Amino acid sequence: MSAPIRVLLAKVGLDGHDRGVKVVARTLRDAGMDVVYTGLHRTPEEVVTAAVQEDVDVLGVSLLSGVQMTVFPKIFALLEQHKVGDMIVIAGGVMPDEDVEELKKMGVAEVLLQDTPPQQIINTLTSLVEARGAR
Amino acid sequence: MARPYIPSLDLIEPAARGEIWAVARLISRAEAGQPEVREAIGEIYKRAGAAHVIGITGVPGSGKSTLVSKLVRKLLDAGERVAVVAIDPSSPYSGGSILGDRIRMSDLVLDPNVFIRSMATRGAVGGMAHAALDVVDILDLAGFDKIIIETVGVGQDEVEIAKSSHTTVVVSAPGLGDEIQAIKAGILEIADLHVVSKCDRSDANRTLTDLKMMLKDGLGGALTRGWVPPVIGTSSYDDEGFDELVDGFARHLAHLEGPAGQARREQISVFRLKKAAEALMLEMLRSDPSFEPEGKRVAARQTDPYTAASGIVKHFSTEKTHV
């Protein structure tokens, strides 16, 4: 019996649109994962602290407000500070193609945009965690 | 990016220094029930035992999470380091869960003296998660003074929390109708402290009175000899009643200095021992190779389920004594 994949889903900053992230949370729960949801209007510091305490396999940050290029560098810096540079980070929401490229260079494992089908989200997380191996 | 697997024994020292990543990783491994972590848990157990473990339970919607967040703030102000283990239910269908207790504790997250961990029940009954007590030891090792276990919303007979904590708080809320009548033979018996939450509501006095009457009639407290459980009204909205609650913890802790405390600690240890034995037996049972052949014999009615089962149990209790 292997343990469920642990995921933390977060909304960062002044972005009140959480219907998408809630649908994702439910999708992942129904796929047998443990999903920690932190609610709206969190700061990167709060999100990373929570992710470290919860020791999640995957940190998913949903953004619909266009601030991805300022939020993700902060998140990676904070993860390093907390000695968990190996956490899998995923971005979700609406963002331009050129940002997607930059985010991946930065270390975001995958960017799941608004039209991603639920099954693809599940598959992406599952294979990323498998590829990482035991921890 | 990836880093090598760190053996659990090597995580003990960083965890004991309070390094959060190590504490959190040990918890994950304990929660997953990995055999590799058991030796480390054993070491940790020997070094733990200093923390005051507080269980908080009550029906769903009674305000447990909100109360915990207010309570933690009070304890922090008193200079304590506080860890919270917040348990939410796993889906009985998918085995997954949505753990949302943190939402109501978000203003505590950045305090360096707070650690919050969400756990799913993963099929455990009793409002607890299987590994909750291992998690308590790990947090104890990490130097937290108070460890609060918040159970899932429970109903009548989920009393495991009382066998796991030094001080058990049962939260009741006003406006839930005849709830007290309904559960008077259930979780109300396990309370060391009663809290009536949401006392900003006009019908709270009724609930307070009901509870006090019930206790007067001698219906509470099978586990609490020599201790009269106080009934404390709180309002998370008006921030009232929490000093009284914190004071109640101190008084109960003082009560546990006496013989009652020794009895309680032994009771907790026996419960843990049973839990550990149960886990090992289940694991051995699941992996026992004699199930298939014995099952075939049972199917062919050459033997009966009880005889075959007692044969298997005897066989592994004599031969497989390893951890």
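By how many nm would the segment from B:ARG47 to B:ASP238 lengthen if fully extended, with 0.36 nm per residue of separation less the alpha-carbon distance? Difference between extended and current length: 64.8 nm. Converting phi to 3J(HN,Hα) with the Karplus coefficients 6.51, -1.76 and 1.60 and the offset θ = phi - 60°, region A:61-70 yields 10, 9, 9, 10, 10, x, 9, 4, 6, 9 Hz in sequence order, with x at every glycine or proline. Partner lysines whose Cα lies under 16 Å from the Cα of B:LYS163, excluding those fewer than 8 positions away in the same chain, are identified as B:LYS274, B:LYS275. Using just its DSSP H runs of length 4 or more, each adding -39500 (n - 2.57), chain B gives a mean residue ellipticity at 222 nm of -14000 deg cm²/dmol after division by all residues.
Think of the protein assembly as shown as having a plus end and a minus end, set by charges on the Cβ of Lys, Arg, Asp and Glu; of A:HIS82, B:ILE56, B:LEU282, B:LEU282 sits farthest toward the positive end of this dipole.
For chain B, modelled as a Gaussian network with Cα springs under 10 Å, which listed residue fluctuates most, B:PRO92, B:PRO14, B:PRO305? Among B:PRO92, B:PRO14, B:PRO305, the largest GNM mean-square fluctuation belongs to B:PRO305. For the segment A:23-35, counting C-beta atoms of other chains within 10 Å of every residue's C-beta and taking the mean gives 5. The length gained by stretching the chain between B:ILE103 and B:THR307 to full extension, at 0.36 nm per residue less their Cα-Cα distance, is 68.3 nm.
Heavy atoms of the protein chains alone define the surface here; on that basis the protein assembly as shown has 46 Å² accessible area per residue at 1.4 Å probe size. Altogether, the Stokes-Einstein calculation at 37 °C and 0.692 mPa s, with the Kirkwood radius of chain B over Cα pairs as Rh, returns a diffusion coefficient of 154 µm²/s. Put a plus charge on the Cβ of each Lys and Arg, a minus charge on the Cβ of each Asp and Glu, and nothing anywhere else: the dipole of region B:222-265 about its Cα centre is then about 560 debye.
Peptide B:79-90 has a mean shielding of 1, counted as Cβ atoms of other protein chains within 10 Å of each residue's Cβ.
Using only Cα coordinates, the Kirkwood hydrodynamic radius of region B:272-321 works out to 11.6 Å. For B:LYS216, the lysines whose Cα falls under 20 Å of its own Cα, not counting residues fewer than eight places away in the same chain, are B:LYS184. Set the Cα radius of gyration of region B:58-125 against 2.2 N^0.38 Å, with N its number of residues, and you get 1.21. Considering chain A at the alpha-carbon level, its Rg and Dmax are found to be 13.5, 41 Å. Amide H to amide H distances under 5 Å link B:GLY58 with B:VAL154, B:VAL171, where only residues 5 or more positions off or on other chains count and H is placed in the peptide plane. Take each residue in A:46-54, count the other chain C-beta atoms within 10 Å of its C-beta, and the mean is 6. Chains B and A together bury roughly 2800 Å² of accessible area, counting both sides, with a 1.4 Å probe on protein heavy atoms only. Projecting the Cα atoms of A:LEU28, A:THR43, A:GLN119 onto the charge dipole of chain A, computed from C-beta unit charges around the Cα centre, puts A:LEU28 farthest toward the positive end.
Distance between the C-alpha centres of region B:264-294 and region B:60-92: 30 Å, rounded to the whole angstrom. The fraction of accessible area contributed by carbon and sulfur in chain A is 55 percent, rounded to a whole number (1.4 Å probe; ligands and nucleic acids excluded). Kirkwood hydrodynamic radius computed over region B:1-118 comes to 16.2 Å, based on all pairs of distinct alpha carbons. Eigenvalues of the alpha-carbon gyration tensor of region A:57-134, scaled by 5 and square-rooted, set the equivalent ellipsoid semi-axes at 19, 18, 9 angstrom, largest first. Among B:132-145, A:56-69, B:230-243, B:273-286, sorting by the average number of other beta carbon atoms lying within 10 angstrom of each residue, highest first, gives B:132-145, A:56-69, B:230-243, B:273-286. D by Stokes-Einstein for the protein assembly as shown, Kirkwood Rh over Cα pairs, 4 °C, 1.567 mPa s: 55 µm²/s.
The values are calculated or read from the model by the stated rules, or taken from the named source; none is laboratory data. Bear in mind the structure is a predicted one, so any value in this text is a computation, not a measurement. For neighbour counting, all protein chains shown are included, and Cβ atoms are generated from backbone atoms with ideal geometry for every residue, glycine included. Protein only, heavy atoms only, side chains kept; ligands, DNA and RNA dropped before computing areas. Shrake-Rupley method; radii C 1.70, N 1.55, O 1.52, S 1.80 Å.
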